[in-house]
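Worksheet for the structure shown next.
The values are calculated or read from the model by the stated rules, or taken from the named source; none is laboratory data. Since this is a predicted model, take the numbers as computed values, not measurements. No Cβ is skipped: glycine too gets one built from the backbone with ideal geometry, and neighbour counts run over all protein chains shown. The area values use the complete protein model at the heavy-atom level, side chains included, leaving out ligands, DNA and RNA. Shrake-Rupley method; radii C 1.70, N 1.55, O 1.52, S 1.80 Å.
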Amino acid sequence: MYCYREIAENLYWIGGNDRRIALFENVYPVPEGVSYNSYLLLDEKTVLLDTVDRAVSEVFFENLTALLQGRALDYLIVNHMEPDHAATMAEVVLRWPGVKIVCNTKIQGMIGQFFDFDLTERFITVGEGDTLPAGRHTFRFLMAPMVHWPEVMMTYEETMQILFSADAFGTFGALSGHIFADQTAFRMDEARRYYTNIVGKYGAQVQAVLKKAAGLRITMICPLHGPVFRRDLEVLLEKYDRWSRYQPEDQAVLIAYASVYGNTQNAAELLAARLAEQGAPEIRLYDVSVTHPSYLIAEAFRCSHLVFASTTYNAGVFVPMENLLRDLAAHNIQNRTVALLENGSWAPTAGSLMKGLLEKCKNMTFLGDPVSIRSAVKAEQAAAIEALAGQLVQSLRAD
Ligand SMILES: Cc1cc2nc3c(=O)[nH]c(=O)nc-3n(C[C@H](O)[C@H](O)[C@H](O)COP(=O)(O)O)c2cc1C
Ligand SMILES: [Fe+2]
Ligand SMILES: [Fe+2]
């Protein structure tokens, strides 16, 4: 049975929720599920904005057919070709053969890649600033390349001043009846994990889109995942500005450790204790074998100071730590103060190897040489860890 929601006059949320999915994009844990949002405007023309993942196609078609009440679907605006939004367009095209596909040329190319049918006759090609009248409403298109994929665009509805932002401003977590963020238990930590992992690498491109958005009056943001925003938009926009400039949000120390037998963990705990004693405002300790890297990527984007402590493993860095550091570098983390600890029973190399992985990142300040432990922390290393805590606290205060 259909369960659409009207979010503005004649504008409907017609998405669906997947709470069974374990890993979004087969990599990010989504313990509270995910929503796939699609929107329908009923005006002189009927306009569908994006579709949904196959997982929720049934309810999506129920919503769509119930709202159309036998009217034809005139336009399908495609903002993003990733299958979590575009997989169902094939069936839309089959069910409403007269529908025009409104998109840019890159999207047209990808439609050809994903599907076998030829839609050439149905395309309405749009570029930056082009408009599409639908009756009382007019849509305008903003290109947003690499705000997830190269073909991405956003759509702005001029009458209601609503931005359909594609994947930008999305959040993990299924919706529970309420669609507006101010009516849900909106979680900035999950919005951060979503942004940093999915779009975090493309800060420059996000900055370009934010500049375009700054020129628009926006009353509502409708993303493709998670709740719709109609209040306090500036809070979210400020976060996006900060994340995309790779500026930390909090003066805080993230300590991520990798440990086989517990000795490196002990060094990390010791550092946390000394940091607390010396007045560090916030310290977060994580075991990289336990916490999924997506949470640590998000924490690294939030925290000003990053400490990595790792066992040496087959002359390398312990595997989950290496994975995390490569992932962080791939997400373009920059502008952080970093400290390193290594452990090894015969030839510790993890410190220099970790440094090598992080040196690729821009504007990283390394506090001294890695603290080196031979199996277990002894008095000498305890003193080095205390000194490192002092350096970190000094740096936290200086920023
Ligand atoms: C599979 C395996 C490979 C290891 N390879 C090395 C190595 O190449 N060089 C080294 O110094 N220690 C090596 N070690 C020893 C650990 O690095 C060392 O005992 C560990 O750092 C102690 O810290 P932990 O208690 O936090 O695990 C290895 C240990 C294991 C289990
Ligand atoms: Fe996407
Ligand atoms: Fe998406």
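Compactness of the stretch 36-153, taken as the C-alpha radius of gyration over 2.2 N^0.38 Å, stands at 0.99. Within the same chain, lysines fewer than 8 places from Lys100 are excluded, and of the rest, those with a Cα less than 16 Å from its Cα are Lys45.
How large is the dipole of the stretch 1-71 about the Cα centre if only Lys and Arg carry +1 and Asp and Glu carry -1, each at its Cβ, rounded to the nearest 20 debye?
On the way: 6 positive and 11 negative charges, 31 e Å.
Approximately 160 debye in magnitude.
Within the straight-line cut-off of under 27 Å between alpha carbons, the lysines reachable from Lys360 are Lys201, Lys239, sequence neighbours fewer than 8 places apart in one chain being disregarded. Taking trypsin sites (Lys or Arg not before Pro) across the stretch 213-260, the ones in a DSSP loop with at most 11 further Cβ atoms lying within 10 angstrom of their Cβ are Arg217. Classify the stretch 49-110 from the C-alpha gyration tensor, please: rounded if a/c falls under 1.5, else prolate or oblate depending on whether a/b exceeds b/c. The shape class here is oblate. Where only DSSP H runs of four or more residues are counted, the chain gives -10000 deg cm²/dmol as its mean residue ellipticity at 222 nm, each run worth -39500 (n - 2.57). The simple spin-label model puts a point 7 Å past each Cα toward its Cβ; for Arg136 and Phe114 those points are separated by 3.2 nm.
When you have a sec, figure out the Kirkwood radius of the stretch 274-399 from all distinct Cα pair distances and drop it here in Å to one decimal?
Details: mean 1/r = 0.0673 Å⁻¹.
Final number for the Kirkwood radius of the stretch 274-399 is 14.9 Å.
Normalised per residue, the accessible area of the chain is 41 Å², obtained with a 1.4 Å probe and no contribution from ligands, DNA or RNA.
Quick check on the stretch 5-244: take the gyration tensor over C-alpha atoms, sort the square-rooted eigenvalues as a ≥ b ≥ c, and tell me if it's rounded (a/c under 1.5), prolate or oblate. Cα axes put the stretch 5-244 in the rounded bin. Hand me the chymotrypsin sites (Phe, Trp or Tyr not before Pro) from the stretch 226-322 located in a DSSP loop with no more than 16 other Cβ atoms within 10 Å, in residue order please. Taking the stretch 226-322 and a limit of 16 other Cβ atoms within 10 Å, the loop chymotrypsin sites (Phe, Trp or Tyr not before Pro) found are Tyr261. Relative to one another, the C-alpha centroids of the stretch 90-140 and the stretch 351-396 are positioned 54 Å apart. Protein heavy-atom surface of the chain, 1.4 angstrom probe: 49% of the accessible area is carbon and sulfur, with nucleic acids and ligands not counted.
Using 11 Å as the cut-off for backbone N distance, which residues of the stretch 206-224 belong to the label zone defined by a point 7 Å from the Cα of Glu158 along Cα→Cβ? Answer for this model: none. Taking each residue as 0.36 nm, the span from Gln207 to Ala66 lengthens on full extension beyond its C-alpha to C-alpha distance by 46.9 nm. The loop-placed GluC sites (Glu not before Pro) in the stretch 186-257, going by DSSP, that have at most 16 neighbouring Cβ atoms within 10 Å of their Cβ come out as Glu249.
Obtain the nm distance between the two label points defined at Ala214 and Gln251 by a simple spin-label model: each point lies 7 Å from its Cα along the Cα-to-C-beta direction. Label-label distance for Ala214 and Gln251, simple model: 2.7 nm.
When only alpha carbons are used to place a centre, the stretch 150-199 and the stretch 22-47 end up 10 Å from one another. Residue farthest toward the positive end of the dipole of the stretch 253-392, with Cβ of Lys/Arg at +1 and Asp/Glu at -1: which of Ala273, Gln334, Ala298? Going by the charge dipole, the pick is Gln334.
Under a Cβ-only charge scheme (Lys and Arg +1, Asp and Glu -1), can you give me the dipole magnitude of the chain about the Cα centre, in debye to the nearest 20? Numbers along the way, then the final one.
Numbers: 35 positive and 46 negative charges, 111 e Å.
Using Cβ point charges on Lys, Arg, Asp and Glu, the chain gives about 540 debye.
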